[in-house]
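*Asks:* One structure is given below, represented as structure tokens, and several questions about it will come after.
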Amino acid sequence: MKLGITGLSGAGKSTVFEALTREFNEGGNKTENRLGTIRVPDVRIDRLSEIYKPKKTIYAQVEYFLPGQTGHTKDAGADETAWAPVRDADALIHVVRNFPLFGLEEPHPVKDFMALDQELILIDLAQAEKRIARMDAEAGKAKKPDPEERDLLGECHALLEQETPLRRHPHLAFARKLRGFAFLSAKPMLVLFNNTDDDDSLPDAGAAVSEENCMVIRGKLEHELAQMTDEEAAELLEEFEISASATDRVVKQSYKLLGLISFFTVGEDEVRAWTIKEGTSALDAAEVIHSDIKKGFIRAETISCDDFMDAGSMAAAKKKGTLRLEGKTYEVKDGDIINFRFNV
């Protein structure tokens, strides 16, 4: 899972990136692309590792990407090349300034959010118009364009002309026929309002962002926390009444944003978390581990993590009837512990 971090100049993108990844770049080249891979915190993995004491414990991972070309300003207009580095991101994190900054006007978070969102829409609109014009020009030729793709692009064009981001319409945002376009406004978005140290409330955003996934981050404070020892951080968390770090909260929201869940495989050699889309079948979950497991799939020996903890062991869970065998079409649930039976 890869999330691209963006926002207007001065929003605090680098500060947020470093707070999340703990990869600091003081005095470094700020025009270089930066990629940080972090371990997804999960108390279930911690507890399973305590029980199995495996040789390896592998957590799920999330990548946060900060492009070096981040010169988006309110007056710059739509610049497609500046957005190229985040085309392959699974989702976007839009950092919005909600703190005073010397040399800049007072923060206007809603206006700033709208300015950047309009840039995404304009770039997508130009891309859709270009493709539609080409398809229409080829309509009378022997090899005619795909009519389904043309209809989908027509829908996209109409929405974009109304200044509506494509992420509001999942049937278009996730349409297989449109994947190659990597429309920017179709990507799931998490809006991070970057507040001052003493402000943990969402700004009065009204209808402008009412349909978005929003949360607050106190970027400067979280940046300081990321550089502290666990003991120092615990004191500051208590002082500012922060229940969980930015990393924990943003990762959790990122998973929710993309509809992701985790299932686990356990044993003396390895306890591991695997990331899949919600609604994934046991057969497709098997392929995430290895294509041979899918090919030779027999059954998925399954138990929820909570039921396993309640039973205390697999043997006890089998006696209680909470360890069960599931077939290919079983929909894997978040927190399932699975042992795939297969034969190739």
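The values are calculated or read from the model by the stated rules, or taken from the named source; none is laboratory data. Keep in mind that this is a model prediction, so the values were computed, not measured. Positions of Cβ are backbone-derived with ideal geometry, glycine not excepted, and every protein chain shown enters the neighbour counts.
*Asks:* Restricting to segment 201-228, name every residue that is outside any strand (DSSP E or B), surrounded by 15 or more Cβ atoms within 10 Å (Cβ to Cβ) and not aliphatic (A, V, I, L, M).
*Replies:* Hits for segment 201-228 are PRO203, GLU212, ARG218, GLY219, LYS220, GLU222, HIS223, GLU224.
*Asks:* Please enumerate the residues belonging to segment 168-190 that are crowded, with 17+ Cβ neighbours inside 10 Å and out of contact with any Leu (no Cβ under 6 Å at 6 or more places or on another chain).
*Replies:* Answer for segment 168-190, where residues must be crowded, with 17+ Cβ neighbours inside 10 Å and out of contact with any Leu (no Cβ under 6 Å at 6 or more places or on another chain): just PHE181.
*Asks:* If I ask for residues that are among the hydroxyl-bearing types (Ser, Thr, Tyr) and either assigned to a helix (DSSP H, G or I) or without any contact (Cβ under 8 Å) to a residue 40 or more places away in the chain (or both), which ones from segment 241-300 would you list?
*Replies:* Correct list: SER243, SER245, THR247, SER254, TYR255, SER291.
Here is a yes/no grid of residues against (1) modelled with pLDDT of 95 or more; (2) over 30 Å from GLY312 (Cβ atoms); (3) assigned to a strand (DSSP E or B):
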position: SER14; (1), (2), (3): no, yes, no
position: GLU26; (1), (2), (3): no, yes, no
position: LYS30; (1), (2), (3): no, yes, no
position: ILE38; (1), (2), (3): no, yes, yes
position: PRO41; (1), (2), (3): no, no, no
position: ARG44; (1), (2), (3): yes, no, no
position: ARG47; (1), (2), (3): yes, no, no
position: PRO54; (1), (2), (3): yes, no, no
position: THR57; (1), (2), (3): yes, no, yes
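*Asks:* Take ALA115 and tell me if it is assigned by TED's automatic domain parsing to the domain that holds LYS252 and either exposed (fewer than 15 other Cβ atoms within 10 Å of the Cβ) or touching a Pro at 6+ places or on another chain (Cβ under 8 Å) (or both).
*Replies:* Here the answer is no, as ALA115 does not meet what is asked.
*Asks:* Do you know which of the residues in segment 142-173 that are among the aliphatic types (A, V, I, L, M) and more than 26 Å from the chain's Cα centre (by Cα) is nearest to LYS187 (Cα to Cα)?
*Replies:* Checked segment 142-173; the qualifying residue nearest to LYS187 (Cα to Cα) is ALA158.
*Asks:* Could I ask something else about it? Out of everything in segment 63-84 that is modelled with pLDDT of 90 or more and crowded, with 16+ Cβ neighbours inside 10 Å, what residue ends up being farthest from PHE264 (Cα to Cα)?
*Replies:* This residue is PRO67.
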